[in-house]
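The values are calculated or read from the model by the stated rules, or taken from the named source; none is laboratory data. Note that the structure is a prediction, hence the values are computed from the model and not measured. Positions of Cβ are backbone-derived with ideal geometry, glycine not excepted, and every protein chain shown enters the neighbour counts. With ligands, DNA and RNA removed, areas are computed over all heavy atoms of the protein, side chains included. Shrake-Rupley method; radii C 1.70, N 1.55, O 1.52, S 1.80 Å.
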Amino acid sequence: MVDPLACAVRGKSYGAHMAEHLLPGFDTGNSSPDGATILPPAFLSVNWAASPAGPVADWPPELRAAVATVMRSASPMAVLVGREGIVVCNEAAREMFGDAHADAQGRPVADVLPIAAAFYRDAIDACRAGRSLRFRDEPIRLCRAGVCRICWFNLSLIPVVSSQGGVCAVLLMASETTEHMRMRKALAMSHQRIEMALEAGGIVGTWDFDVDSRRIIIDGSLAQQYGVPEAEARSGLSLETLSANLYADDRARVLSAVDEAVATGIDYRSRFRTITHDGALRWYVASGRPIRDERQRVVQLAGIILDVTAQAETAAALEQSNLRFDTLSEAIPQMVWSADAAGAHDYFNRRWTEFTGVPHEDITPGIWLELVHPDDRERVTATWTACLATGETYDIDYRFRRHDGVFRWLRVIAMPMRDARGRIVRWYGTSTDIEDAKQLDAQKELVTRELDHRIKNLFALVGGLVGLSVREEPDLAPLAGRLRARLEALHRAHGLIRGSGGGKAGSLRGLLEQLLDPYRTGAAGHIVIEAEDATLQASAITSVALILHELATNAAKYGALAQADGRLNVALRRSGEWQTIGWTERFAAPGTAAVPSGGFGSKLLETIVERQFRGRFVRTMEAQGLSVAIDLPSSILLAPREDG
């Protein structure tokens with residue numbers, strides 16, 4: 001390679017001449033009035049003889065011609081002389097490259113742009129090897145007016161070859177692309193934002209349809225769903241080819257809508273199904289607007305496509321659910337209704353209309369209350385309002401007007417439907433005609449009262465017969481006493497079943513207290529009842545009364561109740577699936593005669609406890625008294641608790 005100094009014309013010295021006399025076209029005699037051929041002061045101020053580039057007079061003609069071309073150019077240009085790249089630049093380059101080029105003339109490029117030193121070193125070496133280089137959008141950090149930032153340039157570097165065949169300099173041409181790059185980045189960012197917005201809005205892609213060619217361009221994401229190569233999607237597909245992916249039943253309708261939009265200029269909108277490349281069925285909604293030419297002719301349709309598969313599936317599931325609900329609500333014999341969270345009724349099935357005679361079109365949210373019997377309306381309103389406030393199950397009987405004006409009793413039950421956060425969103429209820437059941441209950445009550453009266457008379461008659469028999473046979477008095485006591489126990493148990501036991505009907509403790517009441521002497525602690533009260537089933541009360549009566553009778557004859565200082569403790573406990581009766585007697589005097597076993601009373605206890613109730617019965621005799629433990633199944637003995 002030839003150094004610029006080696007390329008100089010040896011033996012000649014032009015150091016006394018001004019630089020402009022040595023550059024072609026820059027002779028002072030040829031200077032124009034506007035100064036177009038006058039060298040810039042920055043070039044003239046450099047002592048080139050003292051610089052690594054050497055005196056201008058020693059530069060090869062090719063180098064001086066290149067410098068002259070640079071100085072005449074209105075575009076940013078420079079010559080990098082020698083291996084160090086001594087900068088010779090025009091005013092456009094000095095302005096473009098900013099603060100660093102203010103005094104760049106005559107200095108190595110590595111000193112002018114230290115941050116780009118490696119880049120220029122490699123580029124100069126490549127040019128000195130005879131290669132031209134071109135760079136697009138090359139980033140360089142520059143400082144302009146005190147503000148430093150990244151700028152981008154298109155650069156061309158061309159070797160300057162002397163007549164002797166050596167490369168003596170590199171011609172640098174530059175054009176700034178900073179604004180272009182910023183626009184590209186802004187466009188990319190905008191495109192990214194659009195894609196995010198499209199994705200957030202359920203939009204899977206955009207499309208453009210050219211009317212004349214009947215070709216449609218779709219974007220990458222939409223092409224991916226259709227299984228179309230991206231390059232092919234960008235170049236355009238025939239509408240008929242793309243429509244082959246449409247569901248067969250929708251294809252003709254979609255194409256017809258396109259033709260209609262083109263012919264009339266109206267906005268395009270179509271909902272259709274598509275078979276994707278993986279065989280899945282998806283629902284789309286395509287929307288577009290016409291684009292017209294200068295003659296107002298529709299030449300293009302542009303729009304978007306939304307994937308509404310999830311909404312379509314949800315709508316289909318909801319429709320199926322509504323169909324099932326409608327079918328079920330119309331199939332059951334009850335009247336079915338619903339209300340919103342505020343209690344406004346918004347649905348009644350056909351049976352409600354048939355019962356009330358109110359046409360469907362005349363139904364209003366509050367019409368049901370107008371049909372409630374006036375005497376029941378206040379109670380119904382209060383109950384319904386309370387349930388709306390608490391969320392408790394609405395369960396009430398009231399009279400409701402039928403289409404013929406007759407009021408009939410209804411049993412109305414409604415439960416709330418809650419969302420995932422537990423908030424009530426709807427109420428669903430049924431109304432059942434129980435008029436016949438109410439009439440039957442009234443008749444049963446009348447019969448029951450008559451039967452109760454007759455049973456009481458029967459007890460009185462039997463008691464009278466027992467008394468008459470005792471007068472005729474005094475020796476039967478002990479037996480008659482026991483018989484009267486058992487009959488009295490049965491009478492009391494019957495009274496509890498009928499609700500005549502002082503408001504304690506069905507109460508296990510109430511039954512126990514009634515049966516032990518005759519044995520209370522007034523002494524403190526003589527009879528102690530420790531009870532967790534429970535509600536007995538009506539069918540079990542008589543049998544339990546016989547059990548307790550038998551225990552009390554034996555205690556009065558042989559045990560704690562037969563002694564003045566005797567003590568009786570009865571404990572009622574519910575343990576899991578069992579109701580336990582603990583009967584404990586403590587005698588004041590040891591040696592009291594043992595309770596006889598194997599008699600009628602013992603057999604009665606065993607029959608009721610073990611056979612009827614399928615329970616357990618254990619009797620333990622001790623020196624100080626008697627303990628009896630009875631376990632009865634709660635499921636047979638007790639009525640269900642209201643809290644479940």
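Taking the three principal axes of the alpha carbon atoms in region 35-164, the coordinate ranges are 39, 36, 26 Å, sorted in descending order. With a Förster radius of 51 Å applied to the beta-carbon distance between residue 565 and residue 452, the computed FRET efficiency rounds to 0.80.
Among the GluC sites (Glu not before Pro) within region 200-247, which fall in a DSSP loop and have no more than 15 other Cβ atoms within 10 Å of their own Cβ?
Numbers: sites: 230, 232, 240; in loops: none.
Of the GluC sites (Glu not before Pro), not one in the loops of region 200-247 has a Cβ with at most 15 other Cβ atoms within 10 Å.
Remark: the Cα gyration tensor places region 287-405 in the prolate category, a/c being 1.5 or greater and a/b exceeding b/c.
Measuring with a 1.4 angstrom probe and ignoring ligands and nucleic acids, residue 107 comes out at about 80 Å² accessible. FRET efficiency for the residue 328 to residue 276 pair, using the beta carbon distance and R₀ = 35 Å, is estimated at 0.45. Between residue 460 and residue 244, the distance separating the two model label sites (each 7 Å from Cα on the Cα→Cβ line) works out to 10.3 nm. Above 20 Å lies some portion of the pair distances; for region 238-293, what is it as a whole percent of all C-alpha pairs? Here the tail beyond 20 Å accounts for 25 percent of pairs.
Testing the spin-label approximation: label points 7 Å from Cα along Cα→Cβ at residue 342 and residue 147. State their distance in nm. Distance between the two pseudo-spin positions: 5.8 nm. Using θ = phi - 60° in the Karplus curve 6.51 cos²θ - 1.76 cosθ + 1.60, the 3J(HN,Hα) couplings for region 372-384 round to 6, 4, x, 6, 9, 4, 5, 5, 5, 4, 5, 5, 5 Hz; x is entered for Gly and Pro.
Estimated at 0.36 nm per residue, the fully extended path between residue 530 and residue 602 surpasses their Cα-Cα distance by 23.5 nm.
Under the classification rounded if a/c is under 1.5, otherwise prolate if a/b is larger than b/c and oblate if not, where does region 101-158 fall, given a ≥ b ≥ c as square roots of the Cα gyration tensor eigenvalues? Since a/c reaches 1.5 but b/c is at least a/b, the shape of region 101-158 is classed as oblate. Stretched out straight at 0.36 nm per residue, the stretch from residue 573 to residue 138 would grow longer than its current Cα-Cα span by 147.3 nm. For residue 219, the residues whose modelled amide H falls within less than 5 Å of its own, excluding neighbours fewer than 5 places apart on the same chain, are 206. Taking 0.36 nm per residue of separation and subtracting the current Cα-Cα distance, fully stretching the chain between residue 370 and residue 539 would add 56.7 nm. Using the Cα gyration tensor of region 295-339, with a ≥ b ≥ c the square roots of its eigenvalues, what is the shape: rounded (a/c below 1.5), prolate (a/b larger than b/c) or oblate (neither)? Verdict is prolate for region 295-339.
The modelled label-to-label distance between residue 378 and residue 396, using points 7 Å beyond Cα along the C-beta direction, is 1.3 nm.
Around the amide H of residue 144, modelled in the peptide plane, lie the amide H atoms of 99, 149, all under 5 Å away and 5 or more residues distant in sequence or on another chain.
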